[in-house]
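Report on one structure; see the data block that follows.
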Amino acid sequence: MSPDTAYAALEERVLARDQKGASEIYYGLVKSGRPLPEMLRQAVRIHAPYTHVPYHERIDDGYVNFVNNDHCLLSARAALHLSKMVPAAAAGLPMAQTVWYIPTGLDIWNQKIARAPGHYARGFQMPDGPPPAPIVHWPDQEPLALDGSLKERLGQWMTLVHRGQVVDAYRVFLGLMANPTERRAALAELVFAGLIDVQDRSFQNRSYTTGHKSFRARATVELGDAIGWDLAHDVLYAGALDIAVGPRWYSLYEVACNAVTVYLEGQTLHAVPYGGTTELERTILADNKAPLTKPESDALLDVILHLPEPGYLEQITALLKAGKDPRSILDAIQVGCAKTVLATHNDLNFSLPQHCYEYCNTLGWFWDTFAHPQRIKLLYLSAAYLNQAAHHQRLTGDLLPARIEKPANTSGLDAGQMAAAVEAATIALDAPKAVGWTQAYLESGHDPAPLVQALAMACSRLGNDPHNQEIALCMLEDYGKNRSSDRGRLLLAAAQHTARHRKYGDPLDCSRRFGQALGIAALH
């Protein structure tokens, strides 16, 4: 097939919800050497109209029900990065998982009420015959240009997002993106709008954002950068429109704002409008360079993971006032997120720990990518999220000691042999052994690169749920950047989550098919 014919056929198979047929077309594209950015662009073009929902919540006969977030775009981001982490022969495997998932990820709204087949309709019996066409809940729009300075226009856009004016907010954002000189500022504000949208409670809740607006916004930025913004309108349609779709939760970010006023500035809070950043916030971002020591990191995490408010607010404030680098504090918080994942053993109870980790990974990326003025408030928010997640786990029977089964004797084993054992235990879904082999590898003194590759390969082989790739990728990314002396816990958490988190159907089905089609014996 010509590329145009192949992509048209791919679209037809995706809309028919045909995972096998879509995958066969993808194998042909890989064999013909089509570049990954092109395939990502086409995949996003196909799913973008069908991965929005009217609202991320329903009230059905008096009962509140959650409506899930799209993972097609997040899977595409994972494919973009994991393709560079796995062995070259398997570089197409992460994208194979994306193509395998997309037919099951369309029209989540109707999946949740048994009117469409897919990942979220697993518990329903679908009627015989061809599936109904997926619904376009939010049609694409034309850009809308506003008058005023860039700051004023970004403020107007944020107001539209805050008020849930979905179409107007999306049109204004397209207008902001039309000017190449203003794109980075607009993209930074898009991710910021996602980062401040975090639920204020979680125990006995299922309807919460878990930070998903920021994950989708980050994927939008990275995929647009990879594809090229002149060709990335479909990425904006898939990623930017959802930022204003309700419900939106800003109460926890309000706590972070007021923490700056009350704890950092030492002021009494009054019922007057506040705004912007303080001189002290700006000074901390510019001047605080001292890294956390291990005792300081341990003490901070003990407070966040085990004590109620306002303990963590006071602890972070004290560290900032002592000249500690806020980015180093975030490194410690990422380690705390990894500890919470390692302390989770119920395969159905990873929602808060895994998304809290992805949130703190996204914040780290945002911190390093955009010099946004509100990062100190987001630091407080990340600690608040981890505090909430840890207490949720404790109240639901987790936050228990990590289960680690180290091999009895690894003397004489080289890096390749130990990395292979990590991958094998992870693929076998034996979490204690996977974590044990990972710890043994870290203690061996071997170059960590083969271990990182083995974990990337393991998560890329396990399909039917993009969380398998998304979460491990975040931990592998942070392992390369995190400056904490305990950063090895991030790899332990990657093994734990990949092996222990709930799996659906035959999780190796997609990777076996890809291996057979591409002649990769290790995947058969």
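The values are calculated or read from the model by the stated rules, or taken from the named source; none is laboratory data. Given the structure is predicted, the values throughout are model-derived calculations rather than measurements. When we count neighbours, we look across all protein chains shown, and the Cβ atoms used for this are built from the backbone with ideal geometry, even at glycine. Side chains included, ligands, DNA and RNA excluded: accessible areas come from the protein's heavy atoms. Shrake-Rupley method; radii C 1.70, N 1.55, O 1.52, S 1.80 Å.
Here are a few things to note about the model shown:
- Surface accessible to a 1.4 Å probe, per residue, for the residues of the range 425-523, Å²: 32
- Values (i) 142; (ii) 163; (iii) 154 are given for comparison; volume of the Cα convex hull per residue in Å³, derived from the coordinates here, is the one labelled (iii).
- Alpha carbon centroid spacing (whole Å) that separates the range 1-38 from the range 411-452: 35
- Highest average first, the peptides 68-77, 146-155, 488-497 ordered by how many other beta carbon atoms sit within 10 Å of their residues are 488-497, 68-77, 146-155.
- For the range 61-176, relative contact order (Cα pairs under 8 Å, six or more residues apart, normalised by length) works out to 17 percent.
- The chain: DSSP helices with Cα axial extent of at least 27 Å and average Kyte-Doolittle hydropathy no lower than -1.0: 375-395
- Span from the the range 202-219 Cα centroid across to the the range 274-316 one, whole angstrom: 23
- Highest mean packing first, where packing is the average number of other Cβ atoms within 10 Å per residue, the peptides 297-303, 320-326 line up as 297-303, 320-326.
- Over the residues of the chain, the helix contribution to mean residue ellipticity at 222 nm works out to -18000 deg cm²/dmol, using -39500 (n - 2.57) for each DSSP H run of at least 4.
- Using a probe of 1.4 Å on the protein chains alone, the accessible area found for residue 398 is around 10 Å².
- The alpha-carbon of residue 289 sits under 21 angstrom from the alpha-carbons of these lysines, leaving out residues fewer than 8 places away in its chain: 321, 324, 377, 481.
- Accessible surface of the range 1-43, 1.4 Å probe, proportion on carbon and sulfur as whole %: 51
- Amide H to amide H distances under 5 Å link residue 57 with 67, where only residues 5 or more positions off or on other chains count and H is placed in the peptide plane.
- Filtered chymotrypsin sites (Phe, Trp or Tyr not before Pro), the range 17-91: DSSP coil and at most 15 other beta carbons within 10 Å: 55
- Euclidean distance between Cα centres, the range 74-104 to the range 493-508, Å: 16
- Heavy-atom accessible area ranking, 1.4 Å probe, most first, across 378, 429: 429, 378
- Phi-derived couplings, Karplus 6.51 cos²θ - 1.76 cosθ + 1.60 at θ = phi - 60°, listed residue by residue for the range 141-146: 9, 8, x, 10, 8, 9 Hz, with x used for Gly and Pro.
- Rounded, prolate or oblate (a/c below 1.5 giving rounded, otherwise prolate when a/b exceeds b/c) for the range 25-168 by Cα gyration tensor: oblate
- Annotation note: trypsin sites (Lys or Arg not before Pro) in the range 165-268 located in DSSP loop regions with a Cβ neighbour count of at most 12 within 10 Å are 206.
- Counting only aspartates and glutamates at least 8 places from residue 433 when in the same chain, those with an alpha carbon closer than 17 Å to its own are 347, 405, 423, 443.
- The aspartates and glutamates whose alpha-carbon is closer than 18 Å to the alpha-carbon of residue 20, local same-chain residues fewer than 8 away aside, are 11, 12, 465, 506, 509.
- Average accessible surface for the range 141-267: 37 Å² per residue, computed with a 1.4 Å probe over protein heavy atoms with every protein chain in place.
- Loop-resident sites, the range 100-130, for chymotrypsin sites (Phe, Trp or Tyr not before Pro), counting at most 16 other Cβ within 10 Å (DSSP): 124
- Cα-Cα over 29 Å, subset of 339/503; 31/406; 84/294; 84/213: 31/406; 84/294
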